[in-house]
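The values are calculated or read from the model by the stated rules, or taken from the named source; none is laboratory data. Bear in mind the structure is a predicted one, so any value in this text is a computation, not a measurement. A quick note on method: Cβ atoms are made from the backbone with ideal geometry, for glycine too, and the neighbour counts reach across all protein chains shown. When the accessible area is computed, the model is the full protein with side chains, heavy atoms only, and any ligands, DNA or RNA have been set aside. Shrake-Rupley method; radii C 1.70, N 1.55, O 1.52, S 1.80 Å.
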Amino acid sequence: MPVYADSLQNLINLLNRLPGIGPKSAERLAFFIVKMSDDERQQLIKALMEVKSGIKQCAICGQWNSNSPCKICGDAKRDHSFLSVVAETQDLAAVERTNEFHGIYHVLGGTLNPLTGITADDLNIKSLLARLQKNQPAIKEVIFALNPDVEGETTILYLAKILKPFKIKLTRLARGLPLGADLEYADEVTLADAFKGRRTL
Ligand SMILES: [Zn+2]
């Protein structure tokens, strides 16, 4: 016997598919939405409907933002000889908040993960290689700013291997971020320090 009305169960199932949302959280969110005022719920519906039309993936770095090329890729004042490789747009945003890095980025769209079947073909690696091959303007250093976890480490090892022939300086963030930490949620000072103390691979 189903406990909830079909429409409510449907919402719970959809919310349950979001990352980090288990069945209990999905239930709690669904009830929160049910109890919202009509006006608040309309705002949420509107935001969901418009979210995709308002953003584009930058054709150069792969980040999600309002323009392509994005503001960062098109900014001549930034140092285009330093390229920071990050997993997601949220990580780019975290690095930007530190005010420590003034170069450009490449967003992989994830990290290698054999358990969930994410392979090199699923990530924006071809476009990274194309950028380095073009090397216009010249890139002096590639900084791997990935989460200090198994997936991040695996990705760094893989990229270090395939980028070796380019003979560009490859660095990674200093240890200091706790193991398993999420770059996205790291505090700004810790992340800035990790950038300052980066190590050559
Ligand atoms: Zn861009």
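Which trypsin sites (Lys or Arg not before Pro) in region 57-96 sit in a loop by DSSP (not H, G, I, E or B) and have at most 12 other Cβ atoms within 10 Å of their own Cβ?
The qualifying sites are 71, 77.
Output the relative contact order of the chain, whole-number percent, from Cα pairs under 8 angstrom with separation of 6+ residues.
Details: 265 pairs, mean separation 32.3, N = 201.
Relative contact order, the chain: 16 percent.
Which pairs break 20 Å Cα to Cα here: 52/77; 77/140; 71/161; 126/167; 134/164?
52/77; 71/161
Quickly estimate the mean residue ellipticity at 222 nm for the chain, helices only: each DSSP H run with n ≥ 4 gives -39500 (n - 2.57), and the total goes over all residues, rounded to 500.
-12000 deg cm²/dmol
Any lysines with Cα under 24 Å of the residue 35 Cα? List them, leaving off those in the same chain fewer than 8 positions away.
Straight-line reach from residue 35, under 24 Å: 24, 46.
Using the heavy atoms of the protein chains and a 1.4 angstrom probe, tell me the accessible area per residue for region 56-200 in square angstrom.
Numbers: 7760 Å² over 145 residues.
So region 56-200 comes to 53 Å² accessible per residue, rounded to a whole number.
Roughly how many Å² of residue 189 are accessible to a 1.4 Å probe, to the nearest 10?
100 Å²
In Å², and per residue, what accessible area does region 6-50 have when probed at 1.4 Å with the other protein chains present?
Details: 3650 Å² over 45 residues.
With the other protein chains kept in place, region 6-50 gives 81 Å² per residue.
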